[in-house]
Amino acid sequence: MLPVLGMVVVLCAVIGGFALENGKFVPLVQPSELVIICGAAVGTLLTANPVEVLKKTLRRLLRVFRGPPMTREFYLASLVMLRALCDYARRHGATKLEDQIDDPERSVVFRRHADAIRDTGALNFICDTLRLISMTAVLPLDLDGLLDQDMEVRGRELGAPAETLMSLADALPALGIIAAVLGVVITMGSITDSPTSIGEKVGSALVGTFLGVFLSYGFVAPLGAHLKSISEGEIQYYQMLRAALAAFGKGMPGSIAVEFARRAIPPDLRPEFSQMEIACRAVTGKAADKLYRLSENIPAAPH
C-alpha cells in the first residue's frame, strides 16, 4: 500500500502548506473546473486509445495497490517449475510432454507448481515454446529469433497501459490552462464589477491551472511510473522464462537451463545458486518421479 501512502503525503503536503499560509479553502472548491478538466481528460483517453487498452489500463491500476508483483520467492518457484518441466521432458520424452502442455489445467507438473504461474499469458508462453521444441523441426537460431520477436511484441503490449497514463499526465496541465482561460473569459465579461468580485473570479480561474498541474504531477504521472515499473518487472520475468526455454531448446539439461534463467533475474531478486539447487532437488528426485508416475499411471522403469 505504499502508493496510497504516497498519495496521502502529496495531498497533505499541498493542502497543509496552503493552510499554513492562511489560505482559504472555499475558493479551491470549483466543481465547474473539475468538470472541464476531468471531462476533457476522459474524452482524450477515449479518443486516443482503443477499448481494450483502456480495459487493460484499469485492470493494471488495481495491481498498483497489491504490493510488489515480483519477489525472490516467486522467481525461485518459477525456477523450480522450469527445472521440473525440463527433467520431465528428459525422462518421459516428447509424447508425454505434449500431454502436459496440451492440457495444462490437468497437467500434474503445472498443478504441482501452480504458485509459479500467475497468469495465462506466462502459461501459454511456456506451453507454446515447449510444443515448438518438442517438434524438433526448429533450429536453435530460429528459436532465438522467434523468442526475441515474442519479447518485443509482449513488451509493447505490457507497456501500453503505462504509456496511456503518461500521455494523460502530459495532457492534464494543458487542460488546466484551458479551464483557467475560460475562467478569465468569464471574468472579462464582468470587468465592471467591484475589484473584490473580479479578484474572486480570477482566483477561481487560476484554480483550473492548479488542478491540472496538481492532478498530473501529484497523482497520474506517479501512477504511470509505477505501472511502467510493473510492466518492466513482467518483461524481466518473461526474459527469465525465455532464457531457460531457449537453453533447453538447444539441448542443454534442465540443471543448466535453469542456471541460464537464474542469471536473467535482476540481482536484487535473484535466488542464490545453492538455494535454487536445494529447492530443485526437493522436487526432481525419486519421490517426485514416483508422484508423477502415480498421477499419470505410468509404470515404473525396470531396475
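The values are calculated or read from the model by the stated rules, or taken from the named source; none is laboratory data. Fair warning: this is a prediction, and the values are worked out from it, not measured in the lab. Neighbour counts run over all protein chains shown; Cβ positions are idealised from the backbone, glycine included.
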Enumerate the pairs (first residue in the stretch 13-26 and in contact (Cβ under 8 Å) with a residue 60 or more places away in the chain and on the phi < 0 side of the Ramachandran plot; second residue anywhere and among the small types (Gly, Ala, Ser) and part of a loop (DSSP other than H, G, I, E, B)) with beta-carbon separation below 9 Å, excluding pairs fewer than 6 apart on the same chain, so at least 6 apart or on different chains. none
Test set (1) of a type outside the set (Asp, Glu); (2) touching a residue at least 40 places away in the same chain (Cβ under 8 Å); (3) out of contact with any Gly (no Cβ under 7 Å at 6 or more places or on another chain) - residue 9 fails condition number: (2)
Tell me the residue from 121, 145 that is small (Gly, Ala, Ser), over 29 Å from residue 282 (Cβ atoms) and modelled with pLDDT of 80 or more, please. 145
Subset of the stretch 249-271 that is crowded, with 20+ Cβ neighbours inside 10 Å and modelled with pLDDT under 90 - its residue that is nearest to residue 167 (Cα to Cα): 249
Sort through 66, 60 and tell me the only one that's assigned to a loop (DSSP other than H, G, I, E, B), among the basic types (Lys, Arg) and over 28 Å from residue 207 (Cβ atoms). 66
Looking at the structure I just gave you, is residue 45 in contact with a Ser or Thr (Cβ under 8 Å, 6 or more places away or on another chain), surrounded by 15 or more Cβ atoms within 10 Å (Cβ to Cβ) and under 30 Å from residue 186 (Cβ atoms)? yes
Need pairs with beta-carbon distance below 9 Å; first residue exposed (fewer than 15 other Cβ atoms within 10 Å of the Cβ) and among the small types (Gly, Ala, Ser) and within the stretch 179-198, second modelled with pLDDT under 80 and part of a loop (DSSP other than H, G, I, E, B); sequence gap 6+ or separate chains. 197/190
Residues that are surrounded by 15 or more Cβ atoms within 10 Å (Cβ to Cβ), within 18 Å of residue 164 (Cβ to Cβ) and under 25 Å from the mean Cα position of the chain (by Cα), drawn from the stretch 4-42: 41
Within the stretch 89-108, count every residue that is hydrophobic (A, V, I, L, M, F, W, C) and in contact (Cβ under 8 Å) with a residue 40 or more places away in the chain. 3
Of the residues in the stretch 208-227 that are crowded, with 22+ Cβ neighbours inside 10 Å and under 27 Å from residue 188 (Cα atoms), the one that is farthest from the chain's Cα centre (by Cα) is 208
Search the stretch 226-243 for residues that are more than 13 Å from residue 122 (Cα to Cα) and pair each with any residue that is aliphatic (A, V, I, L, M) and buried (at least 21 other Cβ atoms within 10 Å of the Cβ) when their beta-carbon atoms are under 7 Å apart and the residues are at least 6 apart or on different chains. 227/162; 227/165; 228/162; 231/158; 231/162; 243/261
So, of the residues in the stretch 134-178 that are of a type in the set (Val, Ile, Thr) and without any contact (Cβ under 8 Å) to a residue 40 or more places away in the chain, which turns out to be nearest to residue 102 (Cα to Cα)? 153
Quick check on this structure: which one of 89, 40, 84 is within 30 Å of residue 182 (Cα to Cα) and of a type outside the set (Val, Ile, Thr)? 40
Go through the stretch 189-273 and tell me which helices (runs of 4 or more DSSP H), entirely inside it, have 2 or more residues that are closer than 28 Å to residue 154 by Cβ. 221-249, 254-263
Tell me which residues, restricted to the stretch 125-157, are loosely packed, with under 13 Cβ neighbours inside 10 Å, within 21 Å of residue 92 (Cα to Cα) and not hydroxyl-bearing (Ser, Thr, Tyr). 135, 137
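The rows are residues; the columns are (1) β-branched (Val, Ile, Thr); (2) in contact (Cβ under 8 Å) with a residue 60 or more places away in the chain.
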| position | (1), (2) |
| --- | --- |
| 47 | yes, no |
| 50 | no, no |
| 53 | yes, yes |
| 56 | no, yes |
| 63 | no, yes |
| 69 | no, yes |
| 73 | no, no |
| 76 | no, yes |
| 87 | no, yes |
